[in-house]
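Worksheet: one structure, shown below.
The values are calculated or read from the model by the stated rules, or taken from the named source; none is laboratory data. Here the structure is a predicted model, which is why all the values come from computation and not from measurement. Cβ coordinates were reconstructed from backbone atoms using ideal geometry, including for glycine residues, and neighbour counts include every protein chain displayed.
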Amino acid sequence: MEKRDFLHFLTVFLFFKKELCPFFLSMGNRFAIQNSSKRQSEQSNHLTTSTTFENLKSLPIALHQSQCVLHKHELLICGGYLQRNCYSYHTIKNEYKFICEYPNDITLLGHCVVKMINNKNKDNNNEITLLSFGGSLFIKRHTLIMKYVSVWSNKNINDKENYNQWIPFTDNHNYPIIIGRDKDLYQGVRAIIDKKNSNLLFITYRRNNISVFDFNTFQFIKHDILPTDNWIQFHCFVSISKSKSKNLKEKKYEMLLFCYDTGLLIQYYKDYNTFQFYKISVCNDISRFNGYAYLCIHNIILFFGGWNDTFGNNTIFSKSIHTYSIQENKWTTFQNILPSTLYDCAAILSEDNIYMHIIGGRNDKNVTLSTHMKTKVRIWNDSQLVIFYFYFLIKHKYILYCMK
């Protein structure tokens, strides 16, 4: 064996041993493929919590139903259930800083916060704008924005620009705008902003509604009913693509929604302002739950925890992580992998897409938590590891033969 071949093999072997061996050593008992009546593949997996999650510095306060937004190396934590405080968590420093409070007259019960896209100010990536909205017939509605600049910066913040504070959302004439009709129930609402044109806000909320708000006109342009009998709240709602239909001039936006046993592919045709809905099967393990945290990365949706939204003896809390492969239409279940039962937590990706952070939540004692932990993305994407494993074996099988 030539020296350079041996060194190359040694480098790959050490990487394999450090990064991948723990994964493959656990594969013997990890996959138990189950039959499903819904034409899908469900897998029950067994990883160890101690090697999967890393505990980080605790939150300044206990939080559940919080909303989180990424800004560079910061995770912006924007309030929670009956909690108006907002914080920035620095992913490198592992520290928190206070940003501001929501106004005193605002009650947060299942609100929503999204990052607005400012195509006119793309060059200034040091500033972002957040939109927060929520409320119902029984809770005062709010629609606020925050122009955020890093609280970790040494630069002085100009108070005249109203940075780092929640202020009313206004139209071009400075008139306050409230998102939501009088009858709309926004407790547990979820929303997506059209990232390309940035003028459309898709909102899904209970009981089974979907609406489209146009930032250009400051008006709703569409209301529709989702094809489900479930109450849609504290659910998963993600954008999966923005494509063109067979008629190349027609813009089509695709979204996925999951709540209890409801799974929907939602297609919106912008030119016609119409929706089309297609049902997606949901695996049995997660079909009882909402209130899970969720993330979409590499065409995989991850669901953390959840509960069946029932009180008393029939209450069920989840300690599992589920993944849904968009391309394969396949569910995977990692049974009892979370450190504890968990629901109403928040999940967010780090800037480099290496880590997923899980923030706050409640446990099976209905205790609000101040926990903050992270886990590596690659752990939950088996396909990448399997591909590398077989590449390793094929490329170096002659070396393995020589070492006999």
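Do we have any residue at all in region 156-163 that's surrounded by 18 or more Cβ atoms within 10 Å (Cβ to Cβ) and either in contact with a helix residue (DSSP H, G or I) (Cβ under 6 Å, 6 or more places away or on another chain) or in a loop (DSSP other than H, G, I, E, B) (or both)? Checked against the condition, which is being surrounded by 18 or more Cβ atoms within 10 Å (Cβ to Cβ) and either in contact with a helix residue (DSSP H, G or I) (Cβ under 6 Å, 6 or more places away or on another chain) or in a loop (DSSP other than H, G, I, E, B) (or both), region 156-163 yields no hits at all.
Please tell me if Tyr268 is over 27 Å from Asn381 (Cα atoms), more than 19 Å from the chain's Cα centre (by Cα) and crowded, with 22+ Cβ neighbours inside 10 Å.
Working: over 27 Å from Asn381 (Cα atoms): yes; more than 19 Å from the chain's Cα centre (by Cα): yes; crowded, with 22+ Cβ neighbours inside 10 Å: yes.
So Tyr268 fits the description; yes.
Across region 164-174, the number of residues qualifying as over 15 Å from Asp214 (Cβ atoms) and either part of a loop (DSSP other than H, G, I, E, B) or hydroxyl-bearing (Ser, Thr, Tyr) (or both) comes to 6.
Number of residues in region 365-390 that are farther than 18 Å from His322 by Cβ and modelled with pLDDT under 95: the value is 9.
Within region 207-238, being under 17 Å from Gln67 (Cβ atoms) and either part of a loop (DSSP other than H, G, I, E, B) or modelled with pLDDT under 95 (or both) holds for Gln233, Phe234, His235.
Check region 307-315 and report whether any residue there is at pLDDT 90 or above, within 17 Å of the chain's Cα centre (by Cα) and β-branched (Val, Ile, Thr). No, because not a single residue in region 307-315 is at pLDDT 90 or above, within 17 Å of the chain's Cα centre (by Cα) and β-branched (Val, Ile, Thr).
Within region 175-205, being more than 16 Å from His142 (Cα to Cα) and not in a strand (DSSP E or B) holds for Asp194, Lys195, Lys196, Asn197, Ser198, Asn199.
Among the residues of region 74-113, those identified as surrounded by fewer than 20 Cβ atoms within 10 Å (Cβ to Cβ), β-branched (Val, Ile, Thr) and closer than 20 Å to Pro168 by Cα are Ile106, Thr107. Quickly run through region 289-303 and pick out the residues that are more than 19 Å from His357 (Cβ to Cβ) and part of a strand (DSSP E or B). Once the filter is applied, which keeps residues that are more than 19 Å from His357 (Cβ to Cβ) and part of a strand (DSSP E or B), region 289-303 yields only Asn290. When you check Gln267 against the structure, is it at pLDDT 95 or above, out of contact with any Leu (no Cβ under 7 Å at 6 or more places or on another chain) and not charged (D, E, K, R), yes or no? Yes, satisfied. For Ile99, are the conditions met, namely being within 16 Å of the chain's Cα centre (by Cα) and in a strand (DSSP E or B)? Taking the combined requirement at face value, the residue does not satisfy it. Any residue that is in contact (Cβ under 8 Å) with a residue 24 or more places away in the chain, more than 18 Å from Asn208 (Cβ to Cβ) and either buried (at least 18 other Cβ atoms within 10 Å of the Cβ) or touching a strand residue (DSSP E or B) at 6+ places or on another chain (Cβ under 7 Å) (or both) - is there at least one of those in region 250-258? Taking every residue of region 250-258 in turn, at least one turns out to be in contact (Cβ under 8 Å) with a residue 24 or more places away in the chain, more than 18 Å from Asn208 (Cβ to Cβ) and either buried (at least 18 other Cβ atoms within 10 Å of the Cβ) or touching a strand residue (DSSP E or B) at 6+ places or on another chain (Cβ under 7 Å) (or both).
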